[in-house]
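Engineer: My questions will all concern the structure given below.
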Amino acid sequence: MGKSSSEKLPTDVVFDIISRTTSLKTLDTCKSVCKEWKQLIYESSFMPLYCQNTKNLYGYFVQDVRKCNYVSMFVCLDNNNNSNNNKLPVLRLPENTRILASCNQGILCCLKKRDSSDYQYCVCKPATQQWQDLPKPRLDDYTTVSIAIMVLGSTPLRYKIVRLSRDGIIKEPKYCTYYCEIFDSETRAWTKIQDVNLPYPELIRDSAQPVSINNSIHWLTNDNNILKFSLVQESFHIITLPEHLHNTDNNRLPNKLVEYEGRLGLVCTTQEEDSNNQVNMELWLTDEDNESKINWRTNCKKVLINDMGERYANPAGIYNAGILFLKAADEVVFYKIQDRSLINKVKLDKLRDAREVFQFRSDFDRVDFGKS
């Protein structure tokens, strides 16, 4: 017989137990146990406490180009550049290494530059300093537009990498063609699948990172539609956004796709020039049972950026329900939405700008990459 409701563990006890779960795989399994546990894990106070208890990592890799070389650094809520007691591990990548994609299991897909004309695709887990080289894509001569990586299993590690590329030629006057290749760690090979044709001049925004939700990968186009790729069915389709979510205001910053509490979201921001550099942010989410439909606004927050002393600070990600991740000229900021306060400000040191931002979550368990 099951326990009666009076015999259930108190919520604060469940919260404390889950916050000490060191394995990310187990943490994700807890989200599926019941709605209550899922809500606890997405509480705004959970992730900071979880990282404190387990020493696992949750933050962002930021990347820039300096003197023709890619430079990156990991930042998180606990970064403190002025403290000698900072015990955070330093996640370093080899010189001349470009991050191409990240996933929520601590794995990066990278490109290592060997010399002026040679480079190597690879995957790595920075927290354990494990690396594995990959074969070059079949269409390596084509220009990479976007790459996404998704972990499907952990013992041994099973992942797939999706690469979209272009040859720079509009073969049909009305369409722009993207070529899609998938690398499967199980077969250790790239496979080309169907091409993607977008009506010209609609293009995938190559400056924005794709968002992976429930075995699907999503890209935002410059016409504010969403290109969705199902990893299981290996098929594409377009999600058309409602007209009122299209970016037509000159004061609007580019819309941004995000993952929010396990769902696909769209962040719309508008910079108000005559109101102390105020940024108005709206968050729209897909329905839990119907990802193809964005049907309700969950949040409308006004985020003041003048307190930062930076005119051009703007949202680069959503850390959790209560914290925004903002980027400015030479720093990034964790910003508490409820009381509009700065939680932490991190100088970018060797980086001039957070040109690319990759959300990153990792434990310190070693992975089995399998045979090369």
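Engineer: In nanometres, what is the gap between the two model label sites at Ile17 and Arg188, each 7 Å from Cα along Cα-to-Cβ?
Structural biologist: 4.2
Engineer: Separate question: If Lys and Arg each add +1 and Asp and Glu each add -1, what is the summed charge of the other residues whose beta carbon sits under 11 Å from the beta carbon of Lys160?
Structural biologist: Local charge sum for Lys160: -2.
Engineer: Right, next: What does the charge add up to near Arg92, with Lys and Arg as +1, Asp and Glu as -1, over the other residues with Cβ less than 14 Å from its Cβ?
Structural biologist: +1
Engineer: Kirkwood Rh over Cα pairs of segment 134-243 into Stokes-Einstein at 37 °C, 0.692 mPa s: D in µm²/s?
Structural biologist: Diffusion coefficient, whole number: 225 µm²/s.
Engineer: Would you list His244, His237, His218 from the most to the least accessible area, probe 1.4 Å?
Structural biologist: I get His244, His237, His218, largest accessible area first.
Engineer: Local charge sum around Asn225 (other residues, Cβ-Cβ under 13 Å, Lys/Arg +1, Asp/Glu -1)?
Structural biologist: Neighbour charge sum, excluding Asn225 itself: -1.
Engineer: Also, I was wondering about something else. Mind ordering 101-113, 54-66, 36-48 by average Cβ neighbours within 10 Å, highest first?
Structural biologist: 101-113, 54-66, 36-48
The values are calculated or read from the model by the stated rules, or taken from the named source; none is laboratory data. Because the structure is predicted, anything quoted here is derived from the model rather than measured. Here Cβ is always computed from backbone atoms with ideal geometry, including for glycine, and neighbour counts include all displayed protein chains. All accessible areas refer to the heavy atoms of the entire protein, side chains included, with ligands and DNA or RNA removed. Shrake-Rupley method; radii C 1.70, N 1.55, O 1.52, S 1.80 Å.
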